[in-house]
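Can you keep this structure in mind? I'll have questions shortly.
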Amino acid sequence: ITCLEILLQSNPENKTALDYLLCYHILNKDIPSFRQAYDKWAQPSDVRIPGVYAQALIVSLFQEGADNEVLIKYNMTSSVISEFMDYTRAYEEANGLSAPLKERFGNTFWFYYHFAMIQ
């Protein structure tokens, strides 16, 4: 258990602690831990999921083969789904090269996930 999780246990509405925890997992490319923390601490809402969270979440949902019902439960927008499918297709066509993807997808979690080196 991390200090951030202790903060969230004592105050589940501590958005700053939640953001730090989720971003920590994103920066470490730890999709399972991101998903676990998201499912445990993020409050379901009718508002759009913040961009990078939606991008990380759809990776997890795609890995588990989530159906439309699950995507709706997570309030996943059609634009995020479409963009993810476009990225996936472009990534496969690029044969692992980053250059063809950088202009369009360079600011996405997906690009970071595939090409950023953690040191």
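Relative to the first principal axis of the alpha-carbon coordinates of the chain, what is the inclination of helix 78-93, with its axis defined by its Cα atoms, in degrees from 0 to 90 and to the nearest 10?
Tilt relative to the chain: about 50 degrees.
Given a cut-off of under 8 Å on Cα pairs at least six residues apart, what relative contact order in percent is computed for the chain?
21 percent
Now a separate question. What's the extension gain from GLN43 to THR16 if we count 0.36 nm per residue and subtract their Cα-Cα distance?
8.4 nm
Output wanted: per-residue J couplings in Hz (rounded whole) for the range 97-107, from phi through Karplus 6.51 cos²θ - 1.76 cosθ + 1.60, θ = phi - 60°, x for Gly and Pro.
Computed from phi, the couplings for the range 97-107 are 8, 7, 3, x, 9, 4, 4, 7, 10, x, 9 Hz.
Taking the Cβ-Cβ separation of VAL52 and ASN95 as r and a Förster radius of 30 Å, what is the calculated FRET efficiency to the nearest 0.05?
Efficiency for this residue pair is about 0.70.
Given the DSSP H assignment, sum -39500 (n - 2.57) over each helix run of at least 4 residues in the chain and divide by its residue total; what's the result at 222 nm in deg cm²/dmol, nearest 500?
Mean residue ellipticity, 222 nm, calculated: -20000 deg cm²/dmol.
Take the Cα radius of gyration of the range 45-119 and divide it by 2.2 N^0.38 Å, with N its residue count; two decimals is plenty.
1.14
With a point put 7 Å past each Cα toward its Cβ, work out how far GLN36 is from GLN9 in nm, to one decimal.
Label-label distance for GLN36 and GLN9, simple model: 1.4 nm.
Next question. Helix 51-63: angle to the longest alpha-carbon principal axis of the chain, degrees 0 to 90, nearest 10?
So the inclination is approximately 80 degrees.
Pop a pseudo-label 7 angstrom from the Cα along the beta-carbon direction at both LYS102 and SER82 and give the gap in nm to one decimal.
Taking the simple label geometry, LYS102 and SER82 are separated by 2.8 nm.
Continuing with this model, one more query. What do you get for the angle between helix 15-27 and the principal long axis of the chain? Use alpha-carbon atoms, 0 to 90 degrees, nearest ten.
40 degrees
Right, something else. How would you rank VAL47, VAL70, VAL52, going from fewest to most other Cβ atoms within 10 Å of each one's own Cβ?
Result, fewest neighbours first: VAL47, VAL70, VAL52.
May I pose another question? What share of Cα pairs, in percent, lie more than 17 angstrom apart in the range 21-67?
Tail of P(r) above 17 Å: 27 percent of Cα pairs.
OK, next. Taking the convex hull of the alpha carbon atoms in the range 1-43, what volume per residue do you get, in Å³?
59 Å³
Taken together, the values in this text are just the output of simple stated rules run on the coordinates, not laboratory data. For clarity, every value in this text was computed on a predicted model and none was experimentally measured. Positions of Cβ are backbone-derived with ideal geometry, glycine not excepted, and every protein chain shown enters the neighbour counts.
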